[in-house]
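Structure record follows, encoded as structure tokens.
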Amino acid sequence: SANVFPADKRPSDEATCVFQVKVVDKKSYCKAFEGIVRSLDKMENASIPSVTLSKREFLFKDVKYLQLQVESFTISNGPVPCQFEFISKPNEDAYCKPWLIAKPSKGFLMPDSEVVIALELCVNKSTATALNSGEEKLEDILVLHLDRGKDYFLSVSGNYLPSCFGCPIQTLCYMKEPIREMLPEAIRELTLMPLLTDDAFWEEKPLDVPKELWMMVDLLCRSACHQEGLFQQPGLRPEFEQIRDWLDTGTLDVLGPVASNHSVAEALLLFLESLPEPVVCYKSYRSSLECANSYEMSSQVRQALREGQD
């Protein structure tokens, strides 16, 4: 213990105190803070997936009915695993138009890997009518989305060659020449023409039967009446394409030498299947079935169909 003397109890007039206080250097603080933010941003960016596309614009030339065209591109991934998918645009249900499909439409990529995407375009019975009339164009924008990453936009365009496949019967009856020889405005006007239009509105009387339908049926009647397996055995795809082009362009005077009876029969079925309104129209379909077992009633329905009445 320390000894306390009386003199030690006397008040002192002066006292010296030393304190150490930490002061923030604002300049150094800001520099350090910015360095930390840059480091965090760099780490975050390093974890964001990023890909490279070999192609972003696709042009499909001279597309024909039921003739598949394919364009491909490659997705090359970076150092981060990523999941990709084609997504629909706002206010749209599907990621692409009904005449287009991407294969595959989604998938997963390991680091530094790649995948080939095939864009397949094919016009069928559900899309041909609008393309013939010009209401629909071969134009679309695809959105390729990366999970936790950005979106990539792909442009798809092309031109469709009008075809008798997908045209209404009434339209074809007013076409005296092959559809490929007609102006787009004329095709649009005839395709959008309402049913039961007064014939007096047109300068020429329409055909009773579309020439394309007559030519196929006439050929089968002349050369395939005794053909076995007709309408049961499929035809050949190259021959169908020749028949389609023949009907659309009228470039061949005789079809027989370039196509078998089975191919003509299949083309006839595909033609009837492609009609927007079937030969027996929708409003008369039920009554036609109900009268199928009665010749007299069937005759009345047939007459009503000819007159365009219920």
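The values are calculated or read from the model by the stated rules, or taken from the named source; none is laboratory data. Since this is a predicted model, take the numbers as computed values, not measurements. Cβ placement follows ideal geometry from the backbone for every residue including glycine, while neighbour counts extend to all protein chains displayed. When the accessible area is computed, the model is the full protein with side chains, heavy atoms only, and any ligands, DNA or RNA have been set aside. Shrake-Rupley method; radii C 1.70, N 1.55, O 1.52, S 1.80 Å.
Whole number in Å², please: accessible area per residue of the stretch 122-200, 1.4 Å probe, ligands, DNA and RNA not counted.
Ligands and nucleic acids excluded, the figure is 47 Å² per residue.
How large is the translational diffusion coefficient of the chain in µm² per second when you combine the Kirkwood radius over alpha carbon pairs with Stokes-Einstein at 25 °C and 0.890 mPa s? Don't skip to the end; give the middle numbers.
Values: Rh = 25.8 Å.
The estimated diffusion coefficient comes to 95 µm²/s.
What's the angle, to the nearest 10 degrees (0 to 90), between helix 211-223's Cα axis and the longest principal axis of the chain?
Taking the Cα atoms of the chain, the angle to 211-223 is about 60 degrees.
Per DSSP H run of at least 4 residues, take -39500 (n - 2.57); add these up for the chain, divide by its residues and hand me the 222 nm value, nearest 500 deg cm²/dmol.
Working: 9 runs with 102 residues, N = 310.
The per-residue figure over the chain is -10000 deg cm²/dmol.
Take the cross-link list Lys61/Lys103; Lys97/Lys211; Lys89/Lys125; Lys31/Lys150; Lys137/Lys283 and give me the ones stretching past 22 Å between alpha-carbons.
Over 22 Å Cα-Cα: Lys97/Lys211; Lys89/Lys125; Lys31/Lys150; Lys137/Lys283.
Filter the GluC sites (Glu not before Pro) in the stretch 101-174 to those in DSSP coil with at most 13 other Cβ atoms within 10 Å of their Cβ, and list the result.
Answer by residue number: Glu135.
Can you quote the Å³ per residue value for the convex hull of the Cα atoms in the stretch 103-162, rounded to an integer?
Per residue, the Cα convex hull of the stretch 103-162 comes to 110 Å³.
What residues qualify as long-range amide H neighbours of Gly158, i.e. H under 5 Å apart, gap of 5 or more or another chain, H built at 1.01 Å from N?
Counting only residues 5 or more places away or on other chains, the set is Phe60, Leu138.
Measuring from the lowest to the highest alpha carbon on each principal axis, how far does the stretch 5-156 reach, largest first, in angstroms?
119, 33, 23
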